[in-house]
Amino acid sequence: MRKDWTAAAVLLAVTLGITACGNSGNPSSPEAGQTSAAESVTAEGSSETEETETVEESTAAEENGTEQNGQNAVAAGDNADDGSLREGLTALEVTELMGNGINLGNTMEAYGRIWLGTGARPTEYETCWGQPVTTQEMLDGMKAAGFDTLRLPVAWTNAMNFETGDYTIDKAYLDRVEEIVRYARNAGMYVIINDHWDGGWWGMFGSASQETRDGAMELYKAMWTQIGERFKEYSDYVIFESGNEELGHRLNDTDIATDSGTLSDSDCYTVANRINQAFVDTIRGLGGNNSQRFLLIAGFNTDIKGTCNSRFKMPEDTAENKLLISVHYYEPSGYCINSSIAAWGTRQEYDTMNDTLALMKSFTDKGYGVIIGEYGVRMKDNVSEPKDNTGDYVRNLLNNCDLYGYCPVLWDCNNLYSRIDCKIVSPEIAELYTGHSRDTEADRSREDVTAQARREMDADYGNAGDGVGVDDDTALAWIMYGSGDWSVQYSVGDTYAPFSATAGIAATDVEVTGEGTYTAALDFTGVSGGHAQGVAFSALAIANGEKLFPGYCIDIQEILINGEPYELRGQPYTCSDDGNTTRVNLYNAWVGQVQQGHPGVRVREHSGLDLTACVLDGETLGNIETLSVTFSYVK
């Protein structure tokens, strides 16, 4: 649970629980664009999919360092990596050489130790979230499809008995990770290795116990010492990444450390900075090629705005120009992560992507390479067909990366890229990746690449339609809403975007002209099923409220659910995340304890109840057909 006093960016909050970092408390939950592993994994954790028949075939091979998969075999000795370092190569230069990337999602980061313990065969973990055993052909196909970089997420504690203070990673597990690294290097790809969600052990950093917090740092350093030693002599095509989305508010996760949650918002920044510095110091201290290896630093929550916050600090480094920064991009979440939004492409949505990605130029200006470590669009109804406008979305993101020199790394779990057929399932999108690959762009000047990117971005923007929005001189109130399963969503985020909504929602959004009483409402009876199920996030928001009516408070007078008055669970408070939109959280479980007197928290009159970001009871709401909020807006 987060203990910050005000809501972070809503998209960030959404992404924390249901994208590639894994789902708190449900390690087999589906992530962006994947098929649920629960459909193909038994209670004991053994996969029932056809692809995992190769697990048994590979058992004996693991003992001598060889994975067999049908006709495919790559001996441990087969390794195209020559161990060289390119003298003088900078972080900005290597980022350009890394081209496009793809994640090997839901594979080595699949967290199976709940069912399998720590002594199972590595391929049992590898396949326990429904993915096939990784082969050389799969990675050769990725390279042929235009992907120049492989991001390899790993759950290292699958093979570590850390609860007893033993931080040794099982040798067979390290062997299997190294074997996949060699597949990628044989294919001519860069490789990024990280520690990825990993069951949520990161919450130990937020424990109430100093001993547990100290143990977390010991675990972290021991983990990277072993990884660094194993890959010590690999070339600078192998890159280490300090973490994933956990270096931020997820340091308060209670998955493993049940007493976690002690870190404030500022504490989370301080500890995340400390972890990133320990990562750099540990790797550099191992010597060999690690003294000059490129290191990828996980941004705060890997959220762009959170990472651009002045409280986030890049670590100091003894090597010159060797640090990269990783952030993720899944906006809008209802389109990218969930099924609640079916299409994308208004000018407002182009503006959001372009403006947000441009923020990372503040890092390239300082010489840090920028890696968009995850992005992607959920497939239509989890089948092998992209959502409408996926090609438009991907093209604009790739063009942004060409424009600013970022490396984009697609999150994929055997969906857009089929690991069975070893190709991208959509010809339109396949052409985009080959057209933006490093091999395609290698003979073109940087100026030509950026000029083409700008031309295509301008043309796409000019062809986009205007979505309904709000101008800068109007204050407008609406209810942000995401159902408990995120299948129903309305304008979640601090930018008023009524076009970013599930089909069938009828919204009553109201212009605010000053002091007075207003009502905003949502009617879900027109959506599929005729209702929304519970709530995962909701807030009453007023676009431009901070600018047009600074210091005003929102006093909720009445909430009606299905036409019946609802008794609030505590006292709401007025705040703002972005300095423009005024808001009151109705249900934001990512916000923990809130204290009166915190900067930015406004209460016109304290009722004596605890201030809370969850005045709705998310566990008991049930089916919601209608939701309305009546509020007074007062100085």
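The values are calculated or read from the model by the stated rules, or taken from the named source; none is laboratory data. All values derive from a computational prediction rather than experimental measurement. Every residue, glycine among them, receives a Cβ derived from its backbone with ideal geometry; neighbour counts consider all protein chains shown. Ligands, DNA and RNA are excluded from the accessible area calculation, which covers all protein heavy atoms including side chains. Shrake-Rupley method; radii C 1.70, N 1.55, O 1.52, S 1.80 Å.
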Filter the stretch 586-610 for residues that are surrounded by fewer than 20 Cβ atoms within 10 Å (Cβ to Cβ) and either at pLDDT 85 or above or in contact with a Cys (Cβ under 7 Å, 6 or more places away or on another chain) (or both) and give the result.
-> Ala589, Gly600, Val601, Arg602, Val603, Arg604, Asp610
Somewhere in the stretch 537-546, is a residue out of contact with any Cys (no Cβ under 9 Å at 6 or more places or on another chain), touching a residue at least 12 places away in the same chain (Cβ under 8 Å) and open to solvent by 50 Å² or more (accessible area, probe 1.4 Å)?
-> no
So which pairs qualify, if the first residue must be in the stretch 271-290 and within 14 Å of Met223 (Cβ to Cβ) and at pLDDT 95 or above, the second must be open to solvent by less than 30 Å² (accessible area, probe 1.4 Å) and of a type in the set (Val, Ile, Thr), the Cβ gap must be under 8 Å, and the two must be at least 6 apart or on different chains?
-> Phe279/Ile297
Taking the stretch 455-496 as the search range and keeping residues that are charged (D, E, K, R), touching a helix residue (DSSP H, G or I) at 6+ places or on another chain (Cβ under 9 Å) and modelled with pLDDT under 95, which one is farthest from Leu403 (Cα to Cα)?
-> Asp473
Result of the Cβ filter at 6 Å on the stretch 90-119, keeping first residues that are in contact (Cβ under 8 Å) with a residue 40 or more places away in the chain and partners that are hydroxyl-bearing (Ser, Thr, Tyr) and part of a loop (DSSP other than H, G, I, E, B), at least 6 apart or interchain, is Ala91/Tyr368; Gly99/Ser437; Asn100/Ser437
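For the stretch 432-445, state whether one or more residues are among the aliphatic types (A, V, I, L, M) and surrounded by fewer than 18 Cβ atoms within 10 Å (Cβ to Cβ). First the steps, then the outcome.
Taking the stretch 432-445 and keeping what is among the aliphatic types (A, V, I, L, M), we get 432, 442.
Restricting the remaining residues to those that are surrounded by fewer than 18 Cβ atoms within 10 Å (Cβ to Cβ) gives 442.
Yes: the stretch 432-445 contains one or more residues that are among the aliphatic types (A, V, I, L, M) and surrounded by fewer than 18 Cβ atoms within 10 Å (Cβ to Cβ).
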Scan the stretch 230-247 and give yes if some residue there is out of contact with any Gly (no Cβ under 9 Å at 6 or more places or on another chain), in a helix (DSSP H, G or I), surrounded by fewer than 22 Cβ atoms within 10 Å (Cβ to Cβ) and modelled with pLDDT of 95 or more, otherwise no.
-> yes
Filtering the stretch 265-293 down to residues that are in contact with an Asp or Glu (Cβ under 8 Å, 6 or more places away or on another chain) and of a type in the set (Lys, Arg), which residue is nearest to Gln226 (Cα to Cα)?
-> Arg284
Would you check which residues across the stretch 248-285 are hydroxyl-bearing (Ser, Thr, Tyr) and in a loop (DSSP other than H, G, I, E, B) and list them?
-> Thr254, Thr258, Thr262, Ser264
State which residue pairs qualify: first residue at negative phi and assigned to a helix (DSSP H, G or I) and inside the stretch 204-227, second residue among the acidic types (Asp, Glu) and surrounded by 19 or more Cβ atoms within 10 Å (Cβ to Cβ) in any location, beta carbons under 7 Å apart, and separation of 6 or more residues or different chains.
-> Met223/Asp195
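Suppose we filter Val370, Val377, Val409 for residues that are crowded, with 24+ Cβ neighbours inside 10 Å and either at positive phi or touching a Cys at 6+ places or on another chain (Cβ under 6 Å) (or both); which single one remains? Walk me through it before giving the result.
Values: Val370 fails: either at positive phi or touching a Cys at 6+ places or on another chain (Cβ under 6 Å) (or both); Val409 fails: either at positive phi or touching a Cys at 6+ places or on another chain (Cβ under 6 Å) (or both).
From the options Val370, Val377, Val409, the qualifying one is Val377.
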Taking interchain pairs and intrachain pairs at least six residues apart, which have beta carbon atoms under 7 angstrom, with the first residue in the stretch 124-139 and hydroxyl-bearing (Ser, Thr, Tyr) and the second assigned to a helix (DSSP H, G or I)?
-> Tyr125/Leu116; Tyr125/Asn158; Thr127/Thr52; Thr127/Val55; Thr134/Glu126; Thr134/Ile180; Thr134/Tyr183
With the checklist (1) touching a residue at least 24 places away in the same chain (Cβ under 8 Å); (2) exposed (fewer than 15 other Cβ atoms within 10 Å of the Cβ) in hand, flag the one item Cys614 doesn't pass.
-> (2)
Do the conditions hold for Thr513, that is, is it more than 32 Å from the chain's Cα centre (by Cα) and among the β-branched types (Val, Ile, Thr)?
-> yes
